[in-house]
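Visitor: The structure that follows is given in the form of structure tokens.
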Amino acid sequence: MAIVFNGTTLNWYTNTIVFDGTTVSSPTAVGTVNFGATKVHGLNGYTSETQLYNFGLAPDSGTFESTYIPTLTSTYSAAFEDHAFETGPGSDTRWYYNLYEGYRMVTSDGTFAGGENNLYWNGKYWTGYLWEGRTVTGANTSHNGGTSVSLRRDNGV
């Protein structure tokens, strides 16, 4: 079941719900809304999700900087609370990101979900980083070879 208003289903990632002047749920602070015992709005724990953007990191490549990061930060900006470069742009790139709850990076090195504080760098906690260097790549790590990356969104209720 979901909240349907005037024929439109309210999605956690596009709609804000306000009750008596208080925001109950918004795309940047997802809340759960129940109708009796039935959850009608919120996240579903990734039991159903949408792959938003899929790409790969390759050693000694400039595609991460020139294509993937610009696409992530423009086309999929709603997923990111914050992002910053530790190294790069240039030949080696380490790019830190904070995802909002309801989004996650599924990589060949692990899965990193919004709301998690996995790393501490430059005075704050981050969901993770992606790294593309001369001979290495990685997600929250570095290793020889490539790394697959997929930005995904929980479809919610």
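Bear in mind these aren't lab numbers, they're just calculated from the coordinates by the rules spelled out. The structure displayed is predicted, hence computed values, not measured ones. Cβ sites come from the backbone with ideal geometry, for glycine too, and all protein chains shown count toward neighbours.
Visitor: Using a cut-off of 13 Å between beta-carbons, work out the net charge of the residues near Asn144 (Lys and Arg +1, Asp and Glu -1, Asn144 not included). Kindly include the intermediate steps, with their values, before the conclusion.
Guide: On the way: positive: Arg134; negative: Asp60, Asp109, Glu132.
Every neighbour counted, the sum reads -2.
Visitor: Hey, fewest Cβ within 10 Å first, where do Phe55, Phe64, Phe85 land in order?
Guide: Phe85, Phe55, Phe64
Visitor: Would you give the gap between the C-alpha center of the range 94-138 and the C-alpha center of the range 1-22, rounded to a whole Å?
Guide: 30
Visitor: Averaging over every viewing direction, what projected area does the convex hull of the Cα atoms of the chain cover, in nm²? If you can, show how the numbers build up before the last one.
Guide: Details: hull surface 41.8 nm².
For the chain, the mean projected area of the Cα convex hull comes to 10.4 nm².
Visitor: Among residues other than Ser48 whose Cβ falls under 15 Å from its Cβ, what is the net charge (Lys/Arg +1, Asp/Glu -1)?
Guide: Neighbourhood net charge equals +2.
Visitor: A further question follows. When Lys and Arg each count +1 and Asp and Glu each count -1, what net charge do the other residues less than 12 Å away from His83, Cβ to Cβ, add up to?
Guide: Charge balance near His83 sits at -1.
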